[in-house]
Ligand code: SAH
Ligand code: DHB
Ligand code: MG
């Protein structure tokens, strides 16, 4: 079993069930041309995010880690006309590319990108008394996942769904002796989820065009 086969299967599934369109193609094309790393979610993962947010009936979505706005577009497409999405991004250049991509996708009125270190922006949202979010997608620096989870809980309500990307990283997550801060961050995050009585969570391994990784799905009970 190889990444080449995973990619062929993804190509098949994506062409049937998560086909691209002009806005998504242009988003990836312009992101690449602008020098952004190609670490966006795969199309079928993007559609999974859209469907999870739809199943949740989300009207307010929070994303941590915008990059070029590819996952942002999938998530925002789940929203009703009066819905909104706030996406947090450290790099001003990424945010500029994402804004152009999101505007071209016709979603500019629903999406706000806040630039800065996500921990600070999240604290700002809490301080300004932001209404709770229905769906939260954590996908920024992996070192930050423990803090993003703790702060996300403060921006949640009973019923909020939290999804976190990249929790397996080629299996590195099982290396308890790792000195990689990203691995340690993801492990600490999973331990926080496991020990947090206000949530129920799970994590699932995935293979596909983006390699071998996985995601966590968390339900906020109270
Ligand atoms: N969700 C995107 C991919 C995000 S990649 C998609 O699937 O399309 C991770 C992003 O997080 C990068 O753009 C990176 O600049 C950003 N990031 C890294 N550290 C951050 C921090 N401390 N605060 C906010 N964003 C951060
Ligand atoms: C990386 C980050 C991601 O969010 C991702 O999906 C893949 C890779 C990274 O930082 O390498
Ligand atoms: Mg990711």
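So which residues in segment 203-222 are under 20 Å from residue 155 (Cα atoms) and either surrounded by fewer than 20 Cβ atoms within 10 Å (Cβ to Cβ) or without any contact (Cβ under 8 Å) to a residue 40 or more places away in the chain (or both)?
Restricting attention to segment 203-222, the residues satisfying the condition of being under 20 Å from residue 155 (Cα atoms) are 216-222.
Correct list: 217, 219, 221, 222.
For segment 136-165, how many residues meet the condition of being over 13 Å from the mean Cα position of the chain (by Cα) and under 23 Å from residue 51 (Cβ atoms)?
The total comes to 6.
Taking interchain pairs and intrachain pairs at least six residues apart, which have beta carbon atoms under 6 angstrom, with the first residue in segment 58-70 and without any contact (Cβ under 8 Å) to a residue 40 or more places away in the chain and the second assigned to a strand (DSSP E or B) and within 6 Å of ligand 1 (Cβ to nearest atom)?
none
Check whether at least one residue in segment 100-112 is in contact (Cβ under 8 Å) with a residue 24 or more places away in the chain, surrounded by fewer than 22 Cβ atoms within 10 Å (Cβ to Cβ), closer than 19 Å to residue 140 by Cα and within 12 Å of ligand 1 (Cβ to nearest atom), and report yes or no.
Scanning segment 100-112, I find no residue that is in contact (Cβ under 8 Å) with a residue 24 or more places away in the chain, surrounded by fewer than 22 Cβ atoms within 10 Å (Cβ to Cβ), closer than 19 Å to residue 140 by Cα and within 12 Å of ligand 1 (Cβ to nearest atom), so the answer is no.
If you go through segment 201-214 one residue at a time, how many are within 17 Å of residue 56 (Cα to Cα) and within 12 Å of ligand 3 (Cβ to nearest atom)?
0
Taking segment 38-97, which residues are within 16 Å of ligand 2 (Cβ to nearest atom) and either modelled with pLDDT under 95 or at positive phi (or both)?
65, 67, 69
With respect to residue 111, determine if the residue is in contact with a strand residue (DSSP E or B) (Cβ under 8 Å, 6 or more places away or on another chain) and under 23 Å from residue 153 (Cα atoms).
When the stated conditions are applied, residue 111 passes them.
What is the number of the single condition among (1) assigned to a loop (DSSP other than H, G, I, E, B); (2) within 15 Å of ligand 2 (Cβ to nearest atom) that residue 173 does not meet?
Condition not satisfied by residue 173: (1).
The values are calculated or read from the model by the stated rules, or taken from the named source; none is laboratory data. Small disclaimer: the values here were computed from a predicted structure and weren't measured. Cβ coordinates were reconstructed from backbone atoms using ideal geometry, including for glycine residues, and neighbour counts include every protein chain displayed.
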